[in-house]
Structures are given as C-alpha cells and as structure tokens.
Amino acid sequence: MTTEADMVNKAPHYTALSPEPIDIIEAWQLSYHEGNALKYLARWKRKNGIEDLRKCRWYIDRLIEQNGV
C-alpha cells in the first residue's frame, strides 16, 4: 500500500526514472516553466498520459511567448 508520505517523497512515477526529474531540474538550474515541462514530459507514460503531454506543451508555449520566439 502506498502512503501519502510515499506519494510525496517517493512517488513511483518519478522513482522509476533515473535520474529523477527533480535532480535534473536542480542540477541544470531550470526555470519554473522549464522544470515543469521536463517533469510532465518525464512522467507522462507513468501518470496522466496525454494530459501530462498537454501540460508539458502548455509550459513550452509559455516559454516561447515569454522569450519572443
């Protein structure tokens, strides 16, 4: 059984990945939008499917808008 604490500290949709997205986000010092795009892209097959890909795209679109590309 997965406890609430496990889902915060050891969520299976992240711990199945090596390295975990949080480690990449911190090591690369990604911005909020970059980090969220990476997070949703990394977990989409293990958590929310297409919904996570749409969220990833939303953050990428925001990055494009903010950077005038």
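Points to keep in mind about this one:
- C-alpha long axis of helix 50-66 to longest principal axis of the chain, angle in °: 30 degrees
- Which of W28, W58 has the fewest Cβ neighbours within 10 Å, and the rest in rising order: W28, W58
- Debye intensity ratio I(q)/I(0), log10, the chain, q values 0.26, 0.28 Å⁻¹ (C-alpha model): -1.16, -1.22
- Calculated [θ] (222 nm, deg cm²/dmol) that DSSP helices of n ≥ 4 give over the chain, each run adding -39,500 (n - 2.57): -19500 deg cm²/dmol
Any read-out appearing in this document is the output of simple, stated calculations on the displayed coordinates, not a laboratory observation. Only a predicted model underlies this, so the values are computations on that prediction, with no experimental measurement involved. Here the Cβ is made from the backbone with ideal geometry for all residues, glycine too, and neighbour counts use every protein chain on show.
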